[in-house]
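The values are calculated or read from the model by the stated rules, or taken from the named source; none is laboratory data. This one's a predicted model, so the numbers in the text were calculated from it and none came from an experiment. Glycine gets a Cβ as well: all are built from the backbone with ideal geometry, and neighbour counts include every protein chain shown.
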Amino acid sequence: MSKISRADVANLARLARIDMSEDELEHLSSELSVILDAVARVQEVAGEDVPPTSHPLPMTNVFRADENRASLTPEEALSGAPAKEEQRFKVPKILGEE
Amino acid sequence: MIEKSATEMAAALQSGELSSVDLTNAHLARIDEVDEKVKAFLHIDRDGALKQAEAVDARRKAGEKLSPLAGVPLALKDVMVQKGIPTTCGSKMLEGWRPPYDSTVVARLKAAGVIILGKTNMDEFAMGSSTENSAYFPTHNPWDLTRIPGGSGGGSSAALAAFEAPLAIGTDTGGSIRQPAAVTGTVGVKPTYGGVSRYGLVAFSSSLDQAGPCARTVLDAAYLHEVIGGYDPLDSTSINAPLPQLVTAAKNASVKGMKIGVIKELQGDGYQAGVLKLFNESLEELAKLGADIVEVSCPHFEYALAAYYLIAPSECSSNLARFDAMRYGIRTGEGSAEEVMNATRELGFGKEVKRRIILGTYALSSGYYDAYYGSAQKVRTLISRDFEQAFEKADVLVSPTAPTTAFKIGEKANDPIAMYLNDIATIPTNLAGVCGISIPSGLAQEDGLPAGFQIMAGAMKDDRLYQVGAALEAALLSKWGAPILSKAPKLGAK
């Protein structure tokens, strides 16, 4: 039985940038333990010699010609922004106090 | 007229017997009449639809040569962006957002003169099998309003079954087109991965997501597939090769001499008896038409669900990082950017989305990556090999689409594992990037609800889905005497 503690979930939530209530953490830790037990089956069959598949198409890099083409105007690109100023996305403070 | 197929509507438009404005108005009236009960739509673009219809009528009147589906209405899953039209993905995160551009699918629909009626409900960010995970409201199955219409594309399937639209667009990451089709008595196609552009499709799991056509007949789906499919330089995973001839395949419906492989592992335990009975009856019809039915084994399919519920959450945890409260969508909270982000993602995402982001974050985290995500990727290889071997023995593979008919709203809402089992027969196709279709196989004896017959073909062999699907559809139609949806409750009768 995989055991995901409340502290584990709290750490994952921090990494995923989601605030979570104590109730949510508690609930998710028991749910995730059950789900992980169910999905851990993948470890039963995957031998050393089997290569991983990350993508269904055998593609490597896909390039296009380096030419200008039409794109969104600044107004269009900013049209959904929660806050904007002088043709820029306006965001809360990112860096802490030095 | 609204109960006709899209192909019949198109013929009436072409002959001048009907205008697109009238046809669009008839569907808008139907939506007014029944959508209070069905709740298929999140947004209805009445004015936009009528404007498009007027433009098509004018072009036709001017003698312009139009695309076969010009003037026919369609319902668009709300995960596909359409310029200026609210696009929420069924999430509070994007409430009020109006995209500044058209997805390639929408651009092609507009170019073909298809009328977009509005946006359909879905499980939040396409995560779910019942449309109960929509942050707005659940959609109801037109066959029984207390039941789910499938998911994640339950709005699109319900709109078709309730005659609110003859065509719809869905997206299928693990079965979100095919399972809703199965439980509503409609047709849904997951094209070959890379066959329909993902540009402007809000990403859930990029290596699995595939947009495709939803309709009430196989031929209608083929026409729609030809409109939206084909190479798109804006999607770097788009296949740069011509689409197979899908409409021709649907018109040349025949299975004589074809080898049809029944996948041993996709039946038995967990499948409803009535669903299996209908599946076997469909097989008999195919045999009567001259197909050679063989059994094939895909031994690793039993691991597909487990692999999927590691790969899809892993990719979603990365893809949904874009919802950061900075560039679009809602913003809430005070303080630093990180605090605002944390608070916004707590408020904007629903339970299932959070569950999957956390699961994916775990599966990708250092120390667990190899055991979970890495092993799942290896299973993906084994499943692709199973398909390759099976396609050496058969031209197409078949199974029931979903293990059961539609369940009650609320029945599985608190049991994620039970919910995930709905996709057990559809997920392998996505993992391998091959294509699949679901067509109605009849009404199950236990509950009188529709079930689906799934046909799968190799990559870029989508024409076979239409060829076999249309043959089976015709055989079942002559057996039943009327289309399956004629047996659905008449929702409009007040």
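Just a few scattered comments:
- Some residue of region A:60-67 being under 28 Å from B:Ser238 (Cα atoms), of a type in the set (Asp, Glu), more than 7 Å from chain B (Cβ to nearest Cβ) and over 24 Å from the mean Cα position of the chain (by Cα): yes
- Scanning region B:382-397 finds one or more residues that are among the aliphatic types (A, V, I, L, M) and facing another protein chain (nearest Cβ under 9 Å).
- Any chance B:Glu132 is farther than 19 Å from B:Thr7 by Cα and either away from chain A (no Cβ under 14 Å) or of a type in the set (Val, Ile, Thr) (or both): yes
- Checked against the criterion of being surrounded by 23 or more Cβ atoms within 10 Å (Cβ to Cβ), closer than 24 Å to B:Gln389 by Cα, among the hydrophobic types (A, V, I, L, M, F, W, C) and within 9 Å of chain A (Cβ to nearest Cβ), the candidates B:Ala291, B:Ala376 yield just one match: B:Ala376.
Conditions (1) touching a strand residue (DSSP E or B) at 6+ places or on another chain (Cβ under 6 Å); (2) more than 14 Å from chain A (Cβ to nearest Cβ); (3) free of Cβ contacts under 8 Å to residues at least 40 places away in the same chain; (4) among the hydroxyl-bearing types (Ser, Thr, Tyr), marked per residue:
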site: B:Ala425; (1), (2), (3), (4): yes, yes, no, no
site: B:Ser441; (1), (2), (3), (4): yes, yes, no, yes
site: B:Gly458; (1), (2), (3), (4): no, no, no, no
site: B:Ala470; (1), (2), (3), (4): no, yes, no, no
site: B:Ala474; (1), (2), (3), (4): no, yes, no, no
site: B:Lys490; (1), (2), (3), (4): no, yes, yes, no
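- Breaking point among (1) more than 7 Å from every other protein chain (Cβ to nearest Cβ); (2) surrounded by 22 or more Cβ atoms within 10 Å (Cβ to Cβ); (3) at positive phi, for B:Tyr308: (3)
- Residue in region B:385-399 that is more than 24 Å from the chain's Cα centre (by Cα) and among the hydroxyl-bearing types (Ser, Thr, Tyr) present: no
- Enumeration of residues in region A:57-83 that are surrounded by 11 or more Cβ atoms within 10 Å (Cβ to Cβ) and either among the charged types (D, E, K, R) or modelled with pLDDT of 90 or more (or both): A:Leu72, A:Thr73, A:Pro74, A:Glu76, A:Ala77, A:Leu78, A:Ser79, A:Gly80, A:Ala81, A:Pro82, A:Ala83
- A single member of B:Ala471, B:Ala493 is farther than 29 Å from B:Ser197 by Cα and either surrounded by 18 or more Cβ atoms within 10 Å (Cβ to Cβ) or modelled with pLDDT under 95 (or both), and it is B:Ala493.
- Yes/no for A:Glu31 being at the interface with another protein chain (Cβ under 8 Å from one of its Cβ atoms), charged (D, E, K, R) and within 30 Å of B:Glu352 (Cβ to Cβ): yes
- Single unsatisfied condition, B:Met1 versus (1) in contact with a helix residue (DSSP H, G or I) (Cβ under 8 Å, 6 or more places away or on another chain); (2) assigned to a helix (DSSP H, G or I): (2)
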